[in-house]
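A short write-up of the structure that comes next.
The values are calculated or read from the model by the stated rules, or taken from the named source; none is laboratory data. Computed from a predicted structure; not experimentally measured. Don't worry about glycine lacking a Cβ; one is built from the backbone with ideal geometry, like all the others, and counts go over all protein chains shown. Please note that ligands, DNA and RNA were not included when accessible areas were found on the heavy atoms of the full protein model with its side chains. Shrake-Rupley method; radii C 1.70, N 1.55, O 1.52, S 1.80 Å.
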Amino acid sequence: MSKNDERYLIQALDIECVLRACLYRYTRNNSDVDELLQEVYARVLLAGSADEPEIRSVRAFALTIARNVAFDWLRHRQVVPIELVADMEALEVLDEAEQIDEIVNSHQELAQLIGAIQELPERCRQVFTLRKVYGYSQKEIASRMNISENTVEQHLTKSARRCAQALFDQPIAERPATLFDRFRRRKGSHVQGQ
Amino acid sequence: MSKASDISDAAAEWLIRIEAGQASSQTWDALQAWMDADPRHRAAFIRLRVGWNRIDRLKNVRPVDGTINADLLSRKNISPAKVLIHGLQPLEGSPRKGLEDLFMPDRRRVLTTAAAIAAVGVFAWFGAYHHGWKSYETGLGAREKIGLTDGTTVDLNTNTALDVRITDSRRDIMLTRGEALFHVAHDSNRPFYVVAGGTVVRAVGTAFSVRIRDPEHVDVLVAEGRVAVGAPGTEANFENPSLLAAAPKVSAGEAANVRRNSVAVHRVHPKDVIRKLAWTEGQLAFQGETLDDAVQEFNRYNQRQITIADPSILKVQVGGSFSTTDPDSFIAALQRSFGIRVHVEERNGNIRLFAGGKPP
(Lines give C-alpha, C1' and ligand atoms only; values in the text may rest on other atoms or scores of the structure.)
Protein backbone atom coordinates (compact mmCIF):
# COMPACT_ATOMS: atom_id res chain seq x y z
CA MET A 1 0.00 0.00 0.00
CA SER A 2 2.26 2.76 -1.18
CA LYS A 3 -0.63 5.09 -1.92
CA ASN A 4 -4.06 5.60 -0.51
CA ASP A 5 -6.19 5.59 -3.65
CA GLU A 6 -8.97 7.60 -2.02
CA ARG A 7 -6.78 10.65 -1.52
CA TYR A 8 -7.86 12.53 -4.66
CA LEU A 9 -11.52 11.93 -4.03
CA ILE A 10 -11.29 13.11 -0.43
CA GLN A 11 -9.74 16.38 -1.60
CA ALA A 12 -12.26 16.78 -4.38
CA LEU A 13 -15.12 16.55 -1.87
CA ASP A 14 -14.06 19.90 -0.48
CA ILE A 15 -14.97 21.63 -3.70
CA GLU A 16 -18.22 19.82 -4.31
CA CYS A 17 -20.11 23.11 -4.53
CA VAL A 18 -17.78 24.33 -7.26
CA LEU A 19 -18.08 21.05 -9.15
CA ARG A 20 -21.85 21.28 -8.86
CA ALA A 21 -21.83 24.89 -10.07
CA CYS A 22 -19.74 23.83 -13.03
CA LEU A 23 -22.02 20.93 -13.91
CA TYR A 24 -25.12 23.03 -13.39
CA ARG A 25 -23.98 25.50 -15.97
CA TYR A 26 -24.17 22.81 -18.63
CA THR A 27 -27.20 20.91 -17.44
CA ARG A 28 -29.42 23.57 -15.85
CA ASN A 29 -31.00 20.78 -13.89
CA ASN A 30 -30.17 19.58 -10.39
CA SER A 31 -31.03 15.95 -10.87
CA ASP A 32 -28.70 15.77 -13.87
CA VAL A 33 -26.05 17.42 -11.71
CA ASP A 34 -26.42 14.62 -9.15
CA GLU A 35 -25.95 12.00 -11.86
CA LEU A 36 -22.94 13.66 -13.41
CA LEU A 37 -21.32 14.41 -10.06
CA GLN A 38 -21.23 10.72 -9.22
CA GLU A 39 -19.55 10.06 -12.53
CA VAL A 40 -17.00 12.78 -11.76
CA TYR A 41 -16.25 11.28 -8.35
CA ALA A 42 -15.94 7.80 -9.82
CA ARG A 43 -13.35 9.06 -12.32
CA VAL A 44 -11.44 11.00 -9.64
CA LEU A 45 -11.39 7.86 -7.50
CA LEU A 46 -10.06 5.74 -10.37
CA ALA A 47 -7.33 8.30 -11.02
CA GLY A 48 -6.15 7.70 -7.47
CA SER A 49 -5.40 4.05 -8.17
CA ALA A 50 -3.80 4.67 -11.56
CA ASP A 51 -0.06 4.18 -11.77
CA GLU A 52 0.62 7.78 -12.77
CA PRO A 53 2.74 10.59 -11.35
CA GLU A 54 1.12 12.33 -8.39
CA ILE A 55 -1.38 15.03 -9.34
CA ARG A 56 -0.41 18.35 -7.81
CA SER A 57 -3.63 20.30 -7.98
CA VAL A 58 -6.36 17.80 -7.30
CA ARG A 59 -8.95 20.58 -7.34
CA ALA A 60 -8.02 21.78 -10.82
CA PHE A 61 -7.92 18.15 -11.90
CA ALA A 62 -11.40 17.46 -10.53
CA LEU A 63 -12.74 20.55 -12.29
CA THR A 64 -11.26 19.37 -15.56
CA ILE A 65 -12.94 16.03 -15.10
CA ALA A 66 -16.23 17.76 -14.30
CA ARG A 67 -15.99 19.71 -17.54
CA ASN A 68 -15.13 16.59 -19.51
CA VAL A 69 -18.05 14.72 -18.01
CA ALA A 70 -20.34 17.65 -18.80
CA PHE A 71 -19.05 17.84 -22.36
CA ASP A 72 -19.62 14.16 -22.94
CA TRP A 73 -23.11 14.56 -21.61
CA LEU A 74 -23.80 17.58 -23.84
CA ARG A 75 -22.48 15.89 -26.96
CA HIS A 76 -24.66 12.98 -26.21
CA ARG A 77 -27.64 15.30 -25.87
CA GLN A 78 -26.77 17.53 -28.82
CA VAL A 79 -28.92 20.31 -27.52
CA VAL A 80 -26.46 23.15 -27.01
CA PRO A 81 -24.78 25.04 -29.85
CA ILE A 82 -21.11 24.31 -29.69
CA GLU A 83 -20.00 27.98 -29.69
CA LEU A 84 -21.93 28.59 -26.45
CA VAL A 85 -20.13 25.70 -24.85
CA ALA A 86 -16.76 27.10 -25.89
CA ASP A 87 -17.69 30.50 -24.55
CA MET A 88 -18.80 29.06 -21.24
CA GLU A 89 -15.69 27.01 -20.90
CA ALA A 90 -13.47 30.04 -21.17
CA LEU A 91 -15.34 31.67 -18.31
CA GLU A 92 -15.32 28.76 -15.96
CA VAL A 93 -11.60 28.48 -15.69
CA LEU A 94 -11.48 31.93 -14.14
CA ASP A 95 -14.65 31.87 -12.09
CA GLU A 96 -14.09 28.58 -10.43
CA ALA A 97 -10.45 29.14 -9.71
CA GLU A 98 -11.47 32.33 -7.91
CA GLN A 99 -14.12 30.58 -5.88
CA ILE A 100 -11.99 27.69 -4.70
CA ASP A 101 -10.06 29.79 -2.24
CA GLU A 102 -13.21 31.25 -0.79
CA ILE A 103 -14.86 28.04 0.32
CA VAL A 104 -12.72 26.41 2.91
CA ASN A 105 -13.79 27.95 6.17
CA SER A 106 -14.28 25.61 9.03
CA HIS A 107 -16.68 27.77 11.03
CA GLN A 108 -18.85 28.22 8.01
CA GLU A 109 -18.83 24.49 7.48
CA LEU A 110 -19.89 23.91 11.08
CA ALA A 111 -22.62 26.53 10.96
CA GLN A 112 -23.94 24.97 7.77
CA LEU A 113 -23.87 21.57 9.43
CA ILE A 114 -25.70 22.73 12.56
CA GLY A 115 -28.30 24.43 10.36
CA ALA A 116 -28.86 21.24 8.40
CA ILE A 117 -29.20 19.15 11.56
CA GLN A 118 -31.80 21.58 12.88
CA GLU A 119 -33.85 21.05 9.74
CA LEU A 120 -34.08 17.33 10.39
CA PRO A 121 -37.32 16.07 11.98
CA GLU A 122 -37.10 16.19 15.79
CA ARG A 123 -36.80 12.43 16.41
CA CYS A 124 -34.23 12.11 13.69
CA ARG A 125 -32.18 14.95 15.18
CA GLN A 126 -32.35 13.36 18.64
CA VAL A 127 -31.20 9.98 17.36
CA PHE A 128 -28.39 11.69 15.50
CA THR A 129 -27.33 13.66 18.60
CA LEU A 130 -27.22 10.60 20.81
CA ARG A 131 -25.16 8.71 18.23
CA LYS A 132 -22.71 11.33 17.03
CA VAL A 133 -22.35 13.69 19.98
CA TYR A 134 -22.67 11.23 22.86
CA GLY A 135 -21.52 8.07 21.11
CA TYR A 136 -24.43 5.86 22.17
CA SER A 137 -24.74 2.63 20.20
CA GLN A 138 -27.67 2.11 17.87
CA LYS A 139 -29.00 -0.52 20.26
CA GLU A 140 -28.79 1.79 23.28
CA ILE A 141 -30.57 4.55 21.39
CA ALA A 142 -33.36 2.17 20.40
CA SER A 143 -34.03 1.16 23.98
CA ARG A 144 -33.57 4.67 25.36
CA MET A 145 -36.04 6.18 22.90
CA ASN A 146 -38.28 3.15 22.82
CA ILE A 147 -38.10 2.68 19.07
CA SER A 148 -36.91 -0.24 16.94
CA GLU A 149 -33.28 -0.56 15.90
CA ASN A 150 -34.47 -0.46 12.34
CA THR A 151 -36.00 2.97 12.93
CA VAL A 152 -32.75 4.16 14.49
CA GLU A 153 -30.95 2.98 11.37
CA GLN A 154 -33.38 4.86 9.13
CA HIS A 155 -32.96 8.09 11.09
CA LEU A 156 -29.18 7.79 10.93
CA THR A 157 -29.22 7.02 7.21
CA LYS A 158 -31.23 10.14 6.60
CA SER A 159 -28.94 12.28 8.76
CA ALA A 160 -25.81 10.87 7.11
CA ARG A 161 -27.05 11.96 3.69
CA ARG A 162 -28.09 15.35 4.97
CA CYS A 163 -24.77 15.94 6.74
CA ALA A 164 -22.70 15.00 3.70
CA GLN A 165 -24.78 17.43 1.68
CA ALA A 166 -24.29 20.19 4.26
CA LEU A 167 -20.55 19.58 4.47
CA PHE A 168 -19.70 19.22 0.82
CA ASP A 169 -22.36 21.10 -1.07
CA GLN A 170 -22.16 24.42 0.73
CA PRO A 171 -23.71 27.24 -1.21
CA ILE A 172 -21.16 29.82 -2.21
CA ALA A 173 -22.41 33.23 -1.14
CA GLU A 174 -24.54 34.78 -3.86
CA ARG A 175 -23.49 32.13 -6.30
CA PRO A 176 -26.15 32.50 -8.99
CA ALA A 177 -26.02 36.28 -9.17
CA THR A 178 -22.26 36.44 -9.12
CA LEU A 179 -21.80 33.89 -11.84
CA PHE A 180 -24.49 35.36 -13.97
CA ASP A 181 -23.00 38.84 -13.64
CA ARG A 182 -19.55 37.61 -14.45
CA PHE A 183 -20.87 35.76 -17.44
CA ARG A 184 -22.57 38.84 -18.78
CA ARG A 185 -19.68 41.10 -17.94
CA ARG A 186 -17.09 38.93 -19.65
CA LYS A 187 -19.30 38.28 -22.57
CA GLY A 188 -19.72 42.03 -23.02
CA SER A 189 -16.03 42.78 -22.85
CA HIS A 190 -15.30 39.95 -25.20
CA VAL A 191 -17.58 41.49 -27.80
CA GLN A 192 -16.05 44.93 -27.33
CA GLY A 193 -12.60 43.51 -27.69
CA GLN A 194 -13.35 42.30 -31.17
CA MET B 1 -27.69 2.15 -14.95
CA SER B 2 -28.78 3.03 -11.44
CA LYS B 3 -29.91 6.50 -10.57
CA ALA B 4 -27.76 8.89 -8.55
CA SER B 5 -30.22 9.15 -5.67
CA ASP B 6 -30.56 5.35 -5.50
CA ILE B 7 -26.79 5.01 -5.23
CA SER B 8 -26.64 7.64 -2.48
CA ASP B 9 -29.45 5.94 -0.58
CA ALA B 10 -27.76 2.57 -0.82
CA ALA B 11 -24.41 4.05 0.20
CA ALA B 12 -25.98 5.71 3.27
CA GLU B 13 -27.61 2.43 4.29
CA TRP B 14 -24.30 0.61 3.97
CA LEU B 15 -22.56 3.29 5.98
CA ILE B 16 -25.03 3.10 8.87
CA ARG B 17 -24.98 -0.70 8.88
CA ILE B 18 -21.19 -0.66 9.08
CA GLU B 19 -20.84 2.23 11.52
CA ALA B 20 -23.03 0.42 14.05
CA GLY B 21 -19.86 -1.56 14.59
CA GLN B 22 -21.67 -4.87 14.58
CA ALA B 23 -21.34 -5.80 10.95
CA SER B 24 -20.30 -9.40 10.35
CA SER B 25 -17.52 -10.35 8.00
CA GLN B 26 -20.20 -11.37 5.51
CA THR B 27 -21.61 -7.84 5.61
CA TRP B 28 -18.14 -6.41 4.97
CA ASP B 29 -17.67 -8.77 2.06
CA ALA B 30 -21.07 -7.81 0.67
CA LEU B 31 -20.20 -4.12 0.98
CA GLN B 32 -16.91 -4.78 -0.80
CA ALA B 33 -18.76 -6.54 -3.61
CA TRP B 34 -21.21 -3.66 -3.93
CA MET B 35 -18.37 -1.16 -4.12
CA ASP B 36 -16.44 -3.25 -6.63
CA ALA B 37 -19.47 -3.46 -8.88
CA ASP B 38 -19.30 0.20 -9.93
CA PRO B 39 -16.75 2.92 -9.10
CA ARG B 40 -19.65 5.30 -8.54
CA HIS B 41 -20.79 3.07 -5.68
CA ARG B 42 -17.44 3.25 -4.01
CA ALA B 43 -17.13 7.00 -4.57
CA ALA B 44 -20.60 7.60 -3.10
CA PHE B 45 -19.76 5.46 -0.08
CA ILE B 46 -16.46 7.26 0.53
CA ARG B 47 -18.19 10.64 0.26
CA LEU B 48 -20.71 9.72 2.95
CA ARG B 49 -18.14 8.06 5.15
CA VAL B 50 -15.79 11.04 5.04
CA GLY B 51 -18.69 13.36 5.91
CA TRP B 52 -19.89 11.09 8.68
CA ASN B 53 -16.47 10.97 10.27
CA ARG B 54 -15.82 14.64 9.84
CA ILE B 55 -18.83 15.55 11.97
CA ASP B 56 -17.21 13.90 14.98
CA ARG B 57 -16.09 17.44 15.73
CA LEU B 58 -19.59 17.96 17.09
CA LYS B 59 -18.46 15.99 20.15
CA ASN B 60 -16.84 19.22 21.27
CA VAL B 61 -20.23 20.69 22.14
CA ARG B 62 -20.73 18.07 24.83
CA PRO B 63 -21.14 19.80 28.18
CA VAL B 64 -18.32 19.00 30.56
CA ASP B 65 -20.68 18.17 33.44
CA GLY B 66 -21.49 14.88 31.72
CA THR B 67 -25.22 15.52 31.31
CA ILE B 68 -26.95 13.87 28.36
CA ASN B 69 -29.37 15.95 26.31
CA ALA B 70 -30.79 14.61 23.06
CA ASP B 71 -31.87 18.16 22.18
CA LEU B 72 -28.38 19.58 22.55
CA LEU B 73 -28.31 20.60 18.87
CA SER B 74 -31.83 22.04 18.75
CA ARG B 75 -32.43 25.65 17.71
CA LYS B 76 -33.02 26.55 21.32
CA ASN B 77 -29.58 25.41 22.42
CA ILE B 78 -27.23 26.30 19.60
CA SER B 79 -27.40 28.88 16.86
CA PRO B 80 -25.64 28.49 13.51
CA ALA B 81 -24.96 32.23 13.51
CA LYS B 82 -22.97 31.96 16.74
CA VAL B 83 -21.10 28.92 15.46
CA LEU B 84 -20.21 30.92 12.38
CA ILE B 85 -18.52 33.54 14.53
CA HIS B 86 -17.11 31.53 17.41
CA GLY B 87 -16.84 27.98 16.13
CA LEU B 88 -17.88 25.13 18.33
CA GLN B 89 -17.92 25.76 22.06
CA PRO B 90 -14.36 26.90 22.62
CA LEU B 91 -12.79 24.86 25.38
CA GLU B 92 -11.86 28.05 27.16
CA GLY B 93 -14.05 28.60 30.18
CA SER B 94 -14.89 24.99 30.78
CA PRO B 95 -13.05 24.49 34.07
CA ARG B 96 -13.00 21.06 35.57
CA LYS B 97 -14.54 20.91 39.00
CA GLY B 98 -13.35 17.43 39.76
CA LEU B 99 -13.23 13.93 38.42
CA GLU B 100 -17.03 13.85 38.35
CA ASP B 101 -16.89 16.30 35.49
CA LEU B 102 -14.87 14.14 33.20
CA PHE B 103 -16.51 12.12 30.52
CA MET B 104 -16.97 8.56 31.73
CA PRO B 105 -14.91 6.44 29.33
CA ASP B 106 -11.86 8.62 30.00
CA ARG B 107 -12.10 8.40 33.74
CA ARG B 108 -10.16 5.24 34.30
CA ARG B 109 -7.26 6.47 32.24
CA VAL B 110 -7.26 9.78 34.10
CA LEU B 111 -7.18 8.01 37.43
CA THR B 112 -4.30 5.86 36.28
CA THR B 113 -2.40 8.92 35.14
CA ALA B 114 -3.20 10.78 38.34
CA ALA B 115 -1.96 7.85 40.40
CA ALA B 116 1.23 7.66 38.38
CA ILE B 117 1.82 11.37 38.69
CA ALA B 118 1.18 11.29 42.43
CA ALA B 119 3.78 8.56 42.64
CA VAL B 120 6.48 10.79 41.18
CA GLY B 121 5.49 13.73 43.32
CA VAL B 122 3.98 16.13 40.81
CA PHE B 123 0.70 16.01 42.59
CA ALA B 124 1.90 18.08 45.55
CA TRP B 125 3.52 20.61 43.25
CA PHE B 126 0.33 20.87 41.28
CA GLY B 127 -1.78 21.29 44.39
CA ALA B 128 0.35 24.05 45.85
CA TYR B 129 0.12 26.21 42.75
CA HIS B 130 -3.39 25.45 41.67
CA HIS B 131 -4.51 29.03 41.88
CA GLY B 132 -4.45 30.77 38.52
CA TRP B 133 -4.46 27.60 36.46
CA LYS B 134 -6.83 27.06 33.59
CA SER B 135 -7.73 23.60 32.31
CA TYR B 136 -8.28 22.43 28.76
CA GLU B 137 -9.07 19.00 27.47
CA THR B 138 -10.18 17.08 24.42
CA GLY B 139 -12.05 13.79 24.17
CA LEU B 140 -11.31 10.72 22.12
CA GLY B 141 -10.96 11.59 18.43
CA ALA B 142 -11.26 15.35 19.04
CA ARG B 143 -8.62 18.03 18.65
CA GLU B 144 -8.64 21.71 19.48
CA LYS B 145 -6.53 24.79 18.88
CA ILE B 146 -6.40 27.30 21.72
CA GLY B 147 -4.83 30.73 21.97
CA LEU B 148 -3.17 31.77 25.23
CA THR B 149 -3.02 35.33 26.53
CA ASP B 150 0.70 35.66 25.72
CA GLY B 151 0.09 34.97 22.02
CA THR B 152 1.14 31.33 22.17
CA THR B 153 -1.09 28.84 20.37
CA VAL B 154 -1.56 25.25 21.48
CA ASP B 155 -2.96 22.38 19.42
CA LEU B 156 -4.41 19.62 21.61
CA ASN B 157 -4.51 16.18 20.04
CA THR B 158 -7.01 13.42 20.85
CA ASN B 159 -7.68 12.59 24.51
CA THR B 160 -5.43 15.30 25.85
CA ALA B 161 -5.57 17.35 29.05
CA LEU B 162 -3.40 20.24 30.09
CA ASP B 163 -3.39 23.12 32.55
CA VAL B 164 -2.02 26.56 31.82
CA ARG B 165 -0.81 29.35 34.06
CA ILE B 166 0.66 32.56 32.75
CA THR B 167 2.20 35.12 35.11
CA ASP B 168 4.50 38.10 34.67
CA SER B 169 7.60 36.03 35.24
CA ARG B 170 6.90 32.66 33.62
CA ARG B 171 4.55 30.55 31.56
CA ASP B 172 3.73 27.03 32.78
CA ILE B 173 1.94 24.16 31.10
CA MET B 174 1.11 20.90 32.86
CA LEU B 175 0.43 18.25 30.26
CA THR B 176 -1.36 15.49 32.14
CA ARG B 177 -2.21 13.22 29.25
CA GLY B 178 -2.06 13.05 25.48
CA GLU B 179 -0.13 15.21 23.05
CA ALA B 180 0.10 18.91 22.27
CA LEU B 181 1.93 21.17 19.82
CA PHE B 182 3.09 24.54 21.15
CA HIS B 183 3.82 27.57 18.98
CA VAL B 184 5.42 29.64 21.69
CA ALA B 185 5.29 33.42 21.38
CA HIS B 186 8.78 34.81 21.89
CA ASP B 187 9.25 36.42 25.30
CA SER B 188 12.74 36.15 26.79
CA ASN B 189 11.51 37.60 30.12
CA ARG B 190 9.01 34.81 30.61
CA PRO B 191 10.41 31.33 29.98
CA PHE B 192 7.89 28.76 28.81
CA TYR B 193 7.83 25.45 30.69
CA VAL B 194 6.00 22.28 29.77
CA VAL B 195 5.86 19.63 32.47
CA ALA B 196 4.81 16.21 31.19
CA GLY B 197 4.96 13.41 33.71
CA GLY B 198 8.43 13.77 35.21
CA THR B 199 9.82 15.49 32.13
CA VAL B 200 10.23 19.23 31.85
CA VAL B 201 10.79 21.18 28.63
CA ARG B 202 11.93 24.78 28.63
CA ALA B 203 11.54 27.12 25.67
CA VAL B 204 11.65 30.83 24.94
CA GLY B 205 10.12 31.16 21.48
CA THR B 206 9.86 27.96 19.45
CA ALA B 207 7.47 25.41 18.03
CA PHE B 208 7.56 21.92 19.50
CA SER B 209 5.28 19.04 20.37
CA VAL B 210 5.21 16.92 23.51
CA ARG B 211 3.55 13.54 23.79
CA ILE B 212 3.13 11.52 26.96
CA ARG B 213 3.39 7.82 26.27
CA ASP B 214 3.51 7.10 29.98
CA PRO B 215 4.61 9.32 32.88
CA GLU B 216 8.24 8.33 32.45
CA HIS B 217 8.29 8.01 28.68
CA VAL B 218 7.77 11.26 26.80
CA ASP B 219 8.47 12.25 23.17
CA VAL B 220 9.53 15.77 22.23
CA LEU B 221 9.68 16.95 18.60
CA VAL B 222 11.06 20.38 17.74
CA ALA B 223 9.92 22.10 14.53
CA GLU B 224 11.48 25.53 15.16
CA GLY B 225 14.07 26.92 17.54
CA ARG B 226 15.58 25.01 20.44
CA VAL B 227 14.38 23.66 23.77
CA ALA B 228 16.04 22.22 26.87
CA VAL B 229 14.75 18.87 28.08
CA GLY B 230 15.09 17.58 31.64
CA ALA B 231 14.50 13.87 32.11
CA PRO B 232 12.71 12.40 35.11
CA GLY B 233 15.14 11.36 37.79
CA THR B 234 17.71 14.01 36.87
CA GLU B 235 18.36 17.21 38.76
CA ALA B 236 16.69 19.29 36.08
CA ASN B 237 13.21 18.14 36.89
CA PHE B 238 9.95 19.89 37.52
CA GLU B 239 11.00 20.92 40.99
CA ASN B 240 14.22 22.54 39.80
CA PRO B 241 13.53 23.89 36.33
CA SER B 242 16.31 26.45 36.82
CA LEU B 243 18.85 23.63 36.52
CA LEU B 244 17.73 23.14 32.93
CA ALA B 245 20.63 25.29 31.70
CA ALA B 246 22.80 22.18 31.81
CA ALA B 247 20.13 19.83 30.45
CA PRO B 248 20.28 18.34 26.93
CA LYS B 249 19.14 20.64 24.10
CA VAL B 250 16.89 19.62 21.25
CA SER B 251 16.90 21.80 18.11
CA ALA B 252 14.68 22.24 15.07
CA GLY B 253 14.58 19.05 13.04
CA GLU B 254 15.35 16.88 16.05
CA ALA B 255 13.28 14.69 18.30
CA ALA B 256 13.97 13.41 21.78
CA ASN B 257 12.91 10.20 23.35
CA VAL B 258 12.81 10.88 27.07
CA ARG B 259 12.98 8.11 29.67
CA ARG B 260 13.97 8.02 33.30
CA ASN B 261 17.48 9.54 33.52
CA SER B 262 17.94 9.75 29.77
CA VAL B 263 17.24 12.03 26.82
CA ALA B 264 18.01 10.36 23.47
CA VAL B 265 18.13 12.95 20.68
CA HIS B 266 17.93 11.99 17.01
CA ARG B 267 17.58 13.86 13.70
CA VAL B 268 14.25 13.97 11.91
CA HIS B 269 13.97 14.83 8.23
CA PRO B 270 11.93 18.05 7.69
CA LYS B 271 9.39 16.03 5.69
CA ASP B 272 8.97 13.67 8.60
CA VAL B 273 8.48 16.57 11.02
CA ILE B 274 5.51 17.67 8.93
CA ARG B 275 4.28 14.09 8.70
CA LYS B 276 4.48 13.57 12.45
CA LEU B 277 2.48 16.74 13.00
CA ALA B 278 -0.20 15.81 10.45
CA TRP B 279 -2.58 15.18 13.36
CA THR B 280 -3.00 18.95 13.67
CA GLU B 281 -4.91 18.62 10.39
CA GLY B 282 -6.78 15.54 11.53
CA GLN B 283 -4.55 13.25 9.48
CA LEU B 284 -2.34 10.27 10.14
CA ALA B 285 0.44 10.01 7.58
CA PHE B 286 2.41 6.78 7.35
CA GLN B 287 5.51 6.10 5.35
CA GLY B 288 7.04 2.73 6.01
CA GLU B 289 5.73 2.42 9.59
CA THR B 290 4.94 -1.11 10.70
CA LEU B 291 1.33 -2.19 10.74
CA ASP B 292 1.73 -2.64 14.48
CA ASP B 293 2.68 1.02 14.98
CA ALA B 294 0.03 2.28 12.55
CA VAL B 295 -2.69 0.35 14.36
CA GLN B 296 -1.59 1.76 17.70
CA GLU B 297 -1.80 5.24 16.26
CA PHE B 298 -5.38 4.71 15.04
CA ASN B 299 -6.38 3.29 18.38
CA ARG B 300 -5.51 6.56 20.08
CA TYR B 301 -8.29 8.31 18.19
CA ASN B 302 -11.15 5.85 18.14
CA GLN B 303 -13.46 3.99 20.44
CA ARG B 304 -13.40 1.03 18.07
CA GLN B 305 -10.06 -0.64 18.63
CA ILE B 306 -8.05 -2.52 16.02
CA THR B 307 -6.00 -5.57 16.99
CA ILE B 308 -3.67 -7.67 14.89
CA ALA B 309 -4.56 -11.33 15.30
CA ASP B 310 -1.72 -12.73 13.15
CA PRO B 311 1.84 -12.00 14.31
CA SER B 312 2.97 -12.60 10.72
CA ILE B 313 1.55 -9.23 9.62
CA LEU B 314 2.79 -7.14 12.56
CA LYS B 315 5.80 -5.84 10.66
CA VAL B 316 4.14 -5.21 7.31
CA GLN B 317 5.16 -1.70 6.21
CA VAL B 318 2.34 0.68 5.42
CA GLY B 319 2.04 4.08 3.76
CA GLY B 320 -0.61 6.65 2.98
CA SER B 321 -2.64 9.42 4.57
CA PHE B 322 -5.80 8.79 6.50
CA SER B 323 -8.23 10.74 8.59
CA THR B 324 -7.54 10.02 12.28
CA THR B 325 -11.18 9.24 13.00
CA ASP B 326 -11.70 7.11 9.90
CA PRO B 327 -10.17 3.70 10.64
CA ASP B 328 -12.48 2.20 8.00
CA SER B 329 -10.56 3.78 5.12
CA PHE B 330 -7.34 2.41 6.60
CA ILE B 331 -8.88 -1.03 6.94
CA ALA B 332 -10.24 -0.86 3.40
CA ALA B 333 -6.77 0.04 2.10
CA LEU B 334 -5.24 -2.88 4.01
CA GLN B 335 -7.80 -5.23 2.50
CA ARG B 336 -7.11 -3.98 -1.00
CA SER B 337 -3.35 -3.73 -0.84
CA PHE B 338 -2.38 -6.71 1.29
CA GLY B 339 -5.44 -8.89 1.10
CA ILE B 340 -5.62 -8.63 4.87
CA ARG B 341 -8.82 -10.13 6.19
CA VAL B 342 -11.01 -8.26 8.61
CA HIS B 343 -13.20 -9.57 11.36
CA VAL B 344 -15.51 -7.22 13.21
CA GLU B 345 -16.58 -8.32 16.66
CA GLU B 346 -20.31 -8.17 17.03
CA ARG B 347 -20.20 -7.25 20.69
CA ASN B 348 -18.28 -3.97 20.48
CA GLY B 349 -17.37 -3.25 16.86
CA ASN B 350 -13.69 -3.84 17.48
CA ILE B 351 -11.73 -4.87 14.43
CA ARG B 352 -9.35 -7.84 14.20
CA LEU B 353 -6.91 -8.21 11.35
CA PHE B 354 -5.80 -11.53 9.87
CA ALA B 355 -3.25 -12.43 7.25
CA GLY B 356 -4.74 -12.82 3.77
CA GLY B 357 -6.34 -16.10 2.80
CA LYS B 358 -6.89 -17.24 6.36
CA PRO B 359 -10.52 -17.53 7.46
CA PRO B 360 -11.32 -15.24 10.39
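Things to note:
- Taken as a whole, the structure places B:THR290 among residues that are more than 16 Å from the chain's Cα centre (by Cα) and within 13 Å of chain A (Cβ to nearest Cβ).
- Within segment B:300-331, the set of residues being more than 11 Å from chain A (Cβ to nearest Cβ), assigned to a strand (DSSP E or B) and under 19 Å from the mean Cα position of the chain (by Cα) comprises B:ILE306, B:THR307.
- If the condition is being under 21 Å from B:ASN350 (Cα atoms) and among the acidic types (Asp, Glu), then segment A:119-142 contributes only A:GLU140.
- When segment B:317-341 is filtered for residues that are more than 23 Å from B:LYS276 (Cα to Cα) and among the hydrophobic types (A, V, I, L, M, F, W, C), the ones remaining, listed by number, are B:PHE338, B:ILE340.
- Filter result (more than 7 Å from chain A (Cβ to nearest Cβ), open to solvent by 40 Å² or more (accessible area, probe 1.4 Å) and touching a residue at least 12 places away in the same chain (Cβ under 8 Å)) within segment B:23-56: B:GLN32, B:TRP34
- Taken together, the residues in segment A:45-79 that are of a type in the set (Gly, Ala, Ser), touching a helix residue (DSSP H, G or I) at 6+ places or on another chain (Cβ under 6 Å) and in a loop (DSSP other than H, G, I, E, B) amount to 0.
- For segment A:127-149, the tally of residues that are at pLDDT below 95 and part of a helix (DSSP H, G or I) stands at 14.
- Considering residues of segment B:9-22 that are more than 7 Å from every other protein chain (Cβ to nearest Cβ) and at pLDDT 90 or above only, the residue least open to solvent (accessible area, probe 1.4 Å): B:ALA11
- Elements of type strands (runs of 3 or more DSSP E) contained in segment B:149-220, each with 2 or more residues being more than 21 Å from B:LYS134 (Cβ to Cβ) and either touching a Lys or Arg at 6+ places or on another chain (Cβ under 9 Å) or open to solvent by 10 Å² or more (accessible area, probe 1.4 Å) (or both): B:207-214
- Of A:GLU122, A:GLU54, all but one fail to be closer than 28 Å to A:THR151 by Cα and either modelled with pLDDT under 90 or of a type outside the set (Phe, Trp, Tyr) (or both); the exception is A:GLU122.
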